[in-house]
Amino acid sequence: MSEPFRTDVIVVGGGIMGAAAAFFLRRRGKSVALIERALIGQQASGTNFGNVRRQGRFLPQLPLANRSRDIWGRLNELIGEDAEFLASGHLRVTYDDEMTARIETYARDALPYGLDLQIIGGNRLRERFPFLGPEVRAGSYAPHDGHANPRLAAPAFGRAARREGASVFERTEIVAVERDAGMFRVEAADGRVFRAEQLMIAAGAWGNRLSEQFGEPVPLVTHGPQMAVTEPIPYALEPVLGVSTTKLEETVYFRQVKRGNIVIGGAARGPASADTQRASVKPENTLLQFTQITRVVPALARLNIIRVWSGVESYLPDDIPIMGPSAKVPDLYYAFGFCGHGFQLGPGVGDVMAELISTGQTTTPIEPFSIARFASAPA
(Lines give C-alpha, C1' and ligand atoms only; values in the text may rest on other atoms or scores of the structure.)
Protein backbone atom coordinates (compact mmCIF):
# COMPACT_ATOMS: atom_id res chain seq x y z
CA MET A 1 0.00 0.00 0.00
CA SER A 2 1.31 3.46 -0.91
CA GLU A 3 2.11 6.05 1.73
CA PRO A 4 -0.76 8.37 2.78
CA PHE A 5 -0.94 11.78 1.15
CA ARG A 6 -0.20 14.27 3.94
CA THR A 7 -1.34 17.89 4.05
CA ASP A 8 -2.39 20.54 6.57
CA VAL A 9 -6.09 20.53 5.61
CA ILE A 10 -8.30 18.11 3.72
CA VAL A 11 -11.39 19.62 2.09
CA VAL A 12 -13.95 17.00 1.07
CA GLY A 13 -16.31 18.34 -1.58
CA GLY A 14 -15.44 20.30 -4.71
CA GLY A 15 -18.46 22.54 -4.97
CA ILE A 16 -18.16 26.30 -4.79
CA MET A 17 -17.75 26.25 -0.98
CA GLY A 18 -14.99 23.63 -0.99
CA ALA A 19 -13.16 25.06 -4.00
CA ALA A 20 -13.29 28.59 -2.58
CA ALA A 21 -12.12 27.33 0.82
CA ALA A 22 -9.15 25.57 -0.79
CA PHE A 23 -8.23 28.78 -2.60
CA PHE A 24 -8.42 30.99 0.48
CA LEU A 25 -6.63 28.41 2.65
CA ARG A 26 -3.72 28.46 0.24
CA ARG A 27 -3.71 32.25 0.40
CA ARG A 28 -3.30 31.86 4.16
CA GLY A 29 -0.36 29.51 3.73
CA LYS A 30 -2.07 26.19 4.48
CA SER A 31 -1.30 23.12 2.37
CA VAL A 32 -4.58 21.70 1.08
CA ALA A 33 -5.97 18.56 -0.53
CA LEU A 34 -9.31 19.28 -2.26
CA ILE A 35 -11.14 16.00 -2.88
CA GLU A 36 -14.19 15.68 -5.15
CA ARG A 37 -16.04 12.48 -6.03
CA ALA A 38 -16.85 13.73 -9.55
CA LEU A 39 -15.59 16.94 -11.18
CA ILE A 40 -15.19 20.32 -9.49
CA GLY A 41 -18.55 22.11 -9.62
CA GLN A 42 -20.40 19.19 -11.21
CA GLN A 43 -23.05 18.79 -8.52
CA ALA A 44 -25.44 21.41 -7.07
CA SER A 45 -22.89 24.23 -7.39
CA GLY A 46 -23.05 23.88 -11.16
CA THR A 47 -26.74 23.14 -11.65
CA ASN A 48 -28.44 25.96 -9.74
CA PHE A 49 -30.02 29.19 -10.97
CA GLY A 50 -26.98 31.43 -10.52
CA ASN A 51 -28.62 33.98 -8.24
CA VAL A 52 -26.19 36.37 -6.54
CA ARG A 53 -28.80 37.83 -4.20
CA ARG A 54 -28.83 39.00 -0.63
CA GLN A 55 -32.39 40.21 -0.16
CA GLY A 56 -34.86 37.75 1.29
CA ARG A 57 -32.24 35.90 3.30
CA PHE A 58 -32.36 34.97 6.97
CA LEU A 59 -31.22 38.24 8.54
CA PRO A 60 -28.30 36.80 10.58
CA GLN A 61 -26.99 35.39 7.28
CA LEU A 62 -26.59 38.87 5.77
CA PRO A 63 -23.07 39.57 7.15
CA LEU A 64 -21.89 36.42 5.40
CA ALA A 65 -23.80 37.35 2.24
CA ASN A 66 -22.27 40.85 2.32
CA ARG A 67 -18.76 39.41 2.64
CA SER A 68 -19.46 37.10 -0.25
CA ARG A 69 -20.87 39.90 -2.41
CA ASP A 70 -17.65 41.83 -1.93
CA ILE A 71 -15.71 38.84 -3.24
CA TRP A 72 -18.02 38.43 -6.24
CA GLY A 73 -17.15 42.00 -7.19
CA ARG A 74 -13.42 41.20 -7.05
CA LEU A 75 -13.34 37.84 -8.83
CA ASN A 76 -11.12 39.00 -11.68
CA GLU A 77 -8.63 40.45 -9.23
CA LEU A 78 -8.65 37.33 -7.04
CA ILE A 79 -8.93 34.37 -9.40
CA GLY A 80 -8.49 35.85 -12.87
CA GLU A 81 -12.03 35.00 -14.04
CA ASP A 82 -15.40 36.68 -13.44
CA ALA A 83 -17.73 33.66 -13.87
CA GLU A 84 -19.97 36.01 -15.89
CA PHE A 85 -20.92 37.85 -12.70
CA LEU A 86 -23.17 40.79 -13.54
CA ALA A 87 -24.33 43.31 -10.92
CA SER A 88 -27.60 43.72 -12.78
CA GLY A 89 -29.84 44.46 -9.80
CA HIS A 90 -32.39 42.13 -8.25
CA LEU A 91 -36.14 42.83 -8.14
CA ARG A 92 -38.57 40.84 -5.99
CA VAL A 93 -42.20 41.63 -6.79
CA THR A 94 -45.46 41.10 -4.89
CA TYR A 95 -49.04 40.41 -5.91
CA ASP A 96 -50.91 41.58 -2.79
CA ASP A 97 -50.85 44.02 0.11
CA GLU A 98 -49.83 41.39 2.66
CA MET A 99 -46.62 40.53 0.83
CA THR A 100 -45.97 44.19 0.11
CA ALA A 101 -46.08 44.86 3.86
CA ARG A 102 -43.68 41.96 4.40
CA ILE A 103 -41.07 43.25 1.96
CA GLU A 104 -41.36 46.70 3.54
CA THR A 105 -40.71 45.20 6.98
CA TYR A 106 -37.81 43.16 5.65
CA ALA A 107 -36.26 46.24 4.07
CA ARG A 108 -36.39 48.07 7.42
CA ASP A 109 -34.93 45.09 9.27
CA ALA A 110 -32.17 44.54 6.70
CA LEU A 111 -30.94 48.13 6.72
CA PRO A 112 -28.84 47.75 9.92
CA TYR A 113 -27.05 44.86 8.19
CA GLY A 114 -25.94 47.16 5.39
CA LEU A 115 -28.51 46.05 2.81
CA ASP A 116 -30.27 49.11 1.40
CA LEU A 117 -33.40 48.01 -0.48
CA GLN A 118 -35.64 50.26 -2.54
CA ILE A 119 -39.37 49.61 -2.13
CA ILE A 120 -41.16 50.76 -5.27
CA GLY A 121 -44.88 50.69 -6.02
CA GLY A 122 -47.61 52.19 -8.18
CA ASN A 123 -46.72 54.35 -11.17
CA ARG A 124 -43.07 54.58 -10.13
CA LEU A 125 -42.71 50.81 -10.46
CA ARG A 126 -44.26 50.79 -13.96
CA GLU A 127 -42.16 53.74 -15.07
CA ARG A 128 -38.96 52.06 -14.00
CA PHE A 129 -39.85 48.53 -15.11
CA PRO A 130 -42.48 48.92 -17.87
CA PHE A 131 -42.38 45.22 -18.77
CA LEU A 132 -44.12 44.15 -15.52
CA GLY A 133 -47.59 42.65 -15.74
CA PRO A 134 -50.82 44.09 -14.26
CA GLU A 135 -50.86 41.68 -11.29
CA VAL A 136 -47.61 43.05 -9.88
CA ARG A 137 -48.37 45.32 -6.92
CA ALA A 138 -44.93 46.41 -5.66
CA GLY A 139 -41.27 45.51 -5.76
CA SER A 140 -38.16 45.38 -3.60
CA TYR A 141 -35.09 46.35 -5.60
CA ALA A 142 -31.49 45.53 -4.62
CA PRO A 143 -29.33 47.52 -7.05
CA HIS A 144 -26.03 45.78 -6.25
CA ASP A 145 -27.17 42.16 -6.42
CA GLY A 146 -27.18 40.21 -9.67
CA HIS A 147 -26.30 36.86 -11.20
CA ALA A 148 -23.44 34.70 -12.43
CA ASN A 149 -22.90 31.48 -14.37
CA PRO A 150 -22.90 28.51 -11.95
CA ARG A 151 -21.24 26.26 -14.52
CA LEU A 152 -18.17 28.53 -14.42
CA ALA A 153 -17.85 29.65 -10.79
CA ALA A 154 -16.74 26.55 -8.86
CA PRO A 155 -14.35 25.32 -11.59
CA ALA A 156 -12.80 28.80 -11.68
CA PHE A 157 -12.12 28.63 -7.94
CA GLY A 158 -10.78 25.10 -8.37
CA ARG A 159 -8.32 26.24 -11.04
CA ALA A 160 -7.29 29.21 -8.91
CA ALA A 161 -6.75 26.94 -5.89
CA ARG A 162 -4.54 24.66 -8.00
CA ARG A 163 -2.53 27.63 -9.26
CA GLU A 164 -2.03 28.69 -5.64
CA GLY A 165 -0.60 25.26 -4.88
CA ALA A 166 -3.58 23.20 -3.69
CA SER A 167 -3.61 19.50 -4.57
CA VAL A 168 -6.90 18.78 -6.34
CA PHE A 169 -8.20 15.22 -6.59
CA GLU A 170 -11.22 14.74 -8.85
CA ARG A 171 -13.09 11.46 -9.41
CA THR A 172 -12.11 10.44 -5.89
CA GLU A 173 -14.95 9.03 -3.82
CA ILE A 174 -14.50 9.03 -0.05
CA VAL A 175 -15.73 5.95 1.80
CA ALA A 176 -14.42 6.51 5.34
CA VAL A 177 -13.31 9.38 7.56
CA GLU A 178 -11.95 9.10 11.09
CA ARG A 179 -9.76 10.84 13.62
CA ASP A 180 -6.78 8.82 14.76
CA ALA A 181 -3.87 9.89 17.01
CA GLY A 182 -4.68 13.58 16.61
CA MET A 183 -4.86 13.34 12.81
CA PHE A 184 -7.67 12.81 10.33
CA ARG A 185 -7.57 9.80 8.08
CA VAL A 186 -9.64 9.95 4.90
CA GLU A 187 -9.90 6.83 2.75
CA ALA A 188 -10.96 6.80 -0.90
CA ALA A 189 -12.83 4.00 -2.64
CA ASP A 190 -9.72 3.17 -4.67
CA GLY A 191 -7.68 2.62 -1.51
CA ARG A 192 -5.80 5.91 -1.43
CA VAL A 193 -5.43 7.45 2.02
CA PHE A 194 -5.13 11.11 2.96
CA ARG A 195 -4.02 12.43 6.33
CA ALA A 196 -4.22 15.93 7.79
CA GLU A 197 -4.46 17.78 11.07
CA GLN A 198 -7.67 19.52 9.99
CA LEU A 199 -10.67 18.38 7.97
CA MET A 200 -13.45 20.38 6.31
CA ILE A 201 -16.54 18.58 5.05
CA ALA A 202 -18.23 20.51 2.25
CA ALA A 203 -19.89 17.56 0.55
CA GLY A 204 -23.33 19.06 -0.09
CA ALA A 205 -26.10 16.48 -0.14
CA TRP A 206 -23.59 13.86 1.02
CA GLY A 207 -22.28 15.88 3.97
CA ASN A 208 -24.54 14.13 6.46
CA ARG A 209 -23.03 10.74 5.59
CA LEU A 210 -19.62 12.01 6.63
CA SER A 211 -20.70 14.01 9.68
CA GLU A 212 -22.54 10.91 10.90
CA GLN A 213 -19.21 9.05 11.00
CA PHE A 214 -18.17 11.54 13.69
CA GLY A 215 -21.40 11.10 15.67
CA GLU A 216 -23.09 14.22 14.30
CA PRO A 217 -26.01 13.15 12.09
CA VAL A 218 -28.37 15.82 10.79
CA PRO A 219 -31.89 15.51 9.29
CA LEU A 220 -30.83 16.35 5.76
CA VAL A 221 -33.11 15.65 2.77
CA THR A 222 -32.58 16.08 -0.96
CA HIS A 223 -34.59 17.86 -3.64
CA GLY A 224 -33.91 18.76 -7.26
CA PRO A 225 -34.20 22.34 -8.52
CA GLN A 226 -36.40 22.65 -11.59
CA MET A 227 -34.38 24.63 -14.11
CA ALA A 228 -35.14 25.71 -17.67
CA VAL A 229 -33.77 28.06 -20.30
CA THR A 230 -35.47 29.68 -23.28
CA GLU A 231 -34.37 30.45 -26.78
CA PRO A 232 -32.39 33.70 -27.06
CA ILE A 233 -34.16 37.00 -27.65
CA PRO A 234 -32.82 40.59 -27.72
CA TYR A 235 -31.41 41.56 -24.33
CA ALA A 236 -34.04 43.61 -22.46
CA LEU A 237 -34.45 42.32 -18.89
CA GLU A 238 -31.56 43.68 -16.86
CA PRO A 239 -32.47 42.77 -13.25
CA VAL A 240 -32.93 39.30 -11.88
CA LEU A 241 -36.68 38.94 -11.26
CA GLY A 242 -38.40 36.91 -8.55
CA VAL A 243 -41.74 36.73 -6.78
CA SER A 244 -42.09 37.25 -3.04
CA THR A 245 -44.96 35.01 -1.94
CA THR A 246 -45.96 32.37 0.59
CA LYS A 247 -47.19 30.05 -2.19
CA LEU A 248 -44.54 27.64 -3.48
CA GLU A 249 -46.08 27.52 -6.95
CA GLU A 250 -45.67 31.30 -7.29
CA THR A 251 -42.03 31.49 -6.18
CA VAL A 252 -40.59 31.69 -9.67
CA TYR A 253 -37.40 33.56 -10.51
CA PHE A 254 -35.74 34.30 -13.83
CA ARG A 255 -32.88 36.22 -15.41
CA GLN A 256 -31.74 37.08 -18.90
CA VAL A 257 -28.12 36.53 -19.85
CA LYS A 258 -26.30 38.82 -22.26
CA ARG A 259 -26.54 36.14 -24.98
CA GLY A 260 -30.31 36.61 -24.82
CA ASN A 261 -31.51 33.37 -23.19
CA ILE A 262 -33.77 33.55 -20.14
CA VAL A 263 -32.91 31.16 -17.30
CA ILE A 264 -35.86 30.09 -15.13
CA GLY A 265 -36.04 28.45 -11.71
CA GLY A 266 -38.31 28.03 -8.71
CA ALA A 267 -42.07 27.37 -8.48
CA ALA A 268 -41.54 23.69 -7.58
CA ARG A 269 -39.01 21.07 -6.53
CA GLY A 270 -38.39 17.72 -8.11
CA PRO A 271 -37.12 14.30 -7.01
CA ALA A 272 -33.43 13.87 -6.26
CA SER A 273 -31.40 11.00 -4.80
CA ALA A 274 -28.07 11.14 -3.03
CA ASP A 275 -27.78 7.38 -3.59
CA THR A 276 -28.03 7.51 -7.38
CA GLN A 277 -26.62 11.07 -7.66
CA ARG A 278 -29.48 11.83 -10.02
CA ALA A 279 -32.28 14.40 -10.11
CA SER A 280 -35.01 15.01 -12.66
CA VAL A 281 -37.28 17.74 -13.97
CA LYS A 282 -41.00 17.06 -14.12
CA PRO A 283 -42.63 18.46 -17.29
CA GLU A 284 -45.54 19.84 -15.28
CA ASN A 285 -43.10 21.89 -13.22
CA THR A 286 -41.63 23.48 -16.35
CA LEU A 287 -45.13 24.37 -17.55
CA LEU A 288 -45.91 25.87 -14.13
CA GLN A 289 -42.76 27.97 -14.22
CA PHE A 290 -43.59 29.27 -17.66
CA THR A 291 -47.10 30.20 -16.56
CA GLN A 292 -45.72 32.05 -13.54
CA ILE A 293 -43.05 34.07 -15.39
CA THR A 294 -45.70 35.37 -17.79
CA ARG A 295 -47.65 36.72 -14.82
CA VAL A 296 -44.59 38.82 -14.03
CA VAL A 297 -43.63 39.68 -17.63
CA PRO A 298 -46.50 38.92 -20.05
CA ALA A 299 -44.33 39.60 -23.11
CA LEU A 300 -42.49 36.31 -22.49
CA ALA A 301 -45.56 34.19 -23.31
CA ARG A 302 -44.45 33.21 -26.83
CA LEU A 303 -40.97 31.96 -25.99
CA ASN A 304 -39.79 28.38 -26.45
CA ILE A 305 -38.02 26.33 -23.77
CA ILE A 306 -34.90 24.72 -25.27
CA ARG A 307 -33.42 22.86 -22.30
CA VAL A 308 -34.22 21.74 -18.74
CA TRP A 309 -31.97 20.37 -15.99
CA SER A 310 -31.74 19.62 -12.30
CA GLY A 311 -29.25 18.62 -9.60
CA VAL A 312 -29.09 17.12 -6.11
CA GLU A 313 -29.55 19.85 -3.49
CA SER A 314 -29.57 19.38 0.29
CA TYR A 315 -32.14 20.87 2.65
CA LEU A 316 -32.54 21.10 6.43
CA PRO A 317 -35.76 21.57 8.45
CA ASP A 318 -34.99 25.16 9.47
CA ASP A 319 -33.79 26.18 5.97
CA ILE A 320 -30.45 27.29 7.47
CA PRO A 321 -27.08 25.75 6.49
CA ILE A 322 -24.54 23.94 8.62
CA MET A 323 -21.33 25.93 8.82
CA GLY A 324 -18.59 26.11 11.41
CA PRO A 325 -16.66 23.82 13.75
CA SER A 326 -17.80 20.40 14.86
CA ALA A 327 -19.55 20.33 18.22
CA LYS A 328 -17.71 17.12 19.13
CA VAL A 329 -14.42 16.71 17.29
CA PRO A 330 -11.48 19.14 17.44
CA ASP A 331 -10.19 20.49 14.12
CA LEU A 332 -13.25 19.23 12.22
CA TYR A 333 -15.29 21.78 10.25
CA TYR A 334 -18.50 21.71 8.23
CA ALA A 335 -20.00 23.73 5.40
CA PHE A 336 -22.95 21.95 3.78
CA GLY A 337 -26.75 21.89 3.63
CA PHE A 338 -27.27 25.31 2.08
CA CYS A 339 -30.93 24.61 1.27
CA GLY A 340 -30.91 25.73 -2.35
CA HIS A 341 -29.54 29.23 -1.68
CA GLY A 342 -25.82 28.67 -1.30
CA PHE A 343 -24.46 29.86 -4.64
CA GLN A 344 -24.20 33.53 -3.69
CA LEU A 345 -22.68 32.59 -0.35
CA GLY A 346 -20.05 30.27 -1.83
CA PRO A 347 -17.05 32.62 -2.07
CA GLY A 348 -17.80 34.11 1.35
CA VAL A 349 -18.18 30.68 2.92
CA GLY A 350 -14.80 29.69 1.51
CA ASP A 351 -13.16 32.84 2.86
CA VAL A 352 -14.76 32.56 6.31
CA MET A 353 -13.97 28.85 6.64
CA ALA A 354 -10.34 29.48 5.66
CA GLU A 355 -10.20 32.19 8.33
CA LEU A 356 -11.76 29.89 10.93
CA ILE A 357 -9.51 26.93 10.12
CA SER A 358 -6.38 29.13 10.09
CA THR A 359 -7.04 31.28 13.16
CA GLY A 360 -9.73 29.53 15.21
CA GLN A 361 -12.18 32.43 14.86
CA THR A 362 -14.01 34.51 12.29
CA THR A 363 -14.71 38.19 11.85
CA THR A 364 -18.08 37.31 10.32
CA PRO A 365 -20.65 35.81 12.74
CA ILE A 366 -21.66 32.23 11.89
CA GLU A 367 -22.97 30.94 15.24
CA PRO A 368 -26.59 30.45 14.01
CA PHE A 369 -25.34 27.85 11.54
CA SER A 370 -23.70 25.51 14.06
CA ILE A 371 -24.28 21.77 13.71
CA ALA A 372 -24.85 21.73 17.48
CA ARG A 373 -28.46 22.73 16.92
CA PHE A 374 -29.07 19.17 15.65
CA ALA A 375 -27.32 17.47 18.58
CA SER A 376 -30.42 15.42 19.41
CA ALA A 377 -31.31 14.59 15.81
CA PRO A 378 -31.96 10.88 15.19
CA ALA A 379 -29.37 8.98 13.18
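The values are calculated or read from the model by the stated rules, or taken from the named source; none is laboratory data. Since the model is a prediction, treat every value here as computed from it, not as a measurement. Here the Cβ is made from the backbone with ideal geometry for all residues, glycine too, and neighbour counts use every protein chain on show. Just the protein is used for accessible areas: all its heavy atoms, side chains included, with ligands, DNA and RNA removed. Shrake-Rupley method; radii C 1.70, N 1.55, O 1.52, S 1.80 Å.
Here are the numbers for this structure:
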read-out: Relative contact order computed over region 1-132 (Cα-Cα under 8 Å; 6+ residues apart), in percent; value: 17
read-out: Hz values of 3J(HN,Hα) by residue in region 54-65 - Karplus curve (6.51, -1.76, 1.60), Gly and Pro given as x; value: 10, 5, x, 7, 3, 3, x, 8, 5, x, 5, 5
read-out: Where region 241-379 is the region considered: accessible area per residue in Å², 1.4 Å probe; value: 42
read-out: Nitroxide proxy distance, nm - points 7 Å out along Cα→Cβ at ALA87 and HIS144; value: 0.7
read-out: Other-chain or far-sequence residues with amide H under 5 Å of PHE169's (modelled H); value: LEU34, ILE35, GLU36
read-out: Longest exposed-site-free window of the chain, the sites being GluC sites (Glu not before Pro) in a DSSP loop that have at most 14 other C-beta atoms within 10 Å; value: 174-379
read-out: Label-point separation in nm, ARG74 to ALA299, each point 7 Å along Cα→Cβ; value: 3.8
read-out: In nm, spacing of pseudo-spin labels at ALA372 and LEU248 (7 Å Cα→C-beta vector); value: 3.3
read-out: Separation of alpha-carbon centers, region 112-156 and region 333-379, rounded to whole Å; value: 27
read-out: Cβ-Cβ FRET estimate between ASP180 and ARG102, R0 fixed at 56 Å, reported to 0.05; value: 0.65
read-out: 16 Å tail of the calculated P(r), region 101-185, as % of Cα pairs; value: 74
read-out: Rounded D (µm²/s) - region 213-308, Kirkwood Rh over Cα pairs, Stokes-Einstein at 37 °C, 0.692 mPa s; value: 225
read-out: Projected-area average for region 337-376 over all orientations - Cα convex hull basis, square nanometres; value: 3.3
read-out: ARG67 accessible area, assembled protein chains, probe 1.4 Å, Å²; value: 40
read-out: Fully extended contour minus Cα-Cα distance, from GLU164 to THR291, at 0.36 nm per residue; value: 41.1 nm
read-out: Compactness of region 132-279 - radius of gyration and Dmax, Cα, Å; value: 20.8, 66
read-out: Most mobile of LEU62, LEU111, LEU300 in a GNM of the chain (Cα contacts under 10 Å); value: LEU111
read-out: Net length gained if the chain between THR363 and ARG151 were fully extended (0.36 nm per residue, minus Cα distance); value: 73.4 nm
read-out: For region 211-217, 3J(HN,Hα) per residue [Karplus equation, 6.51 cos²θ - 1.76 cosθ + 1.60, θ = phi - 60°, Hz, x = Gly/Pro]; value: 5, 5, 5, 10, x, 10, x
read-out: Sequence of ARG53, ARG255 when ordered by accessible area, the most exposed leading, probe 1.4 angstrom; value: ARG53, ARG255
read-out: Kirkwood Rh (inverse of mean 1/r, distinct Cα pairs), the chain, angstrom; value: 21.2
read-out: Over 14 Å [Cα-Cα, region 279-357], rounded percent; value: 73
read-out: Tail fraction, Cα-Cα pairs, region 53-150, threshold 25 Å, whole percent; value: 26
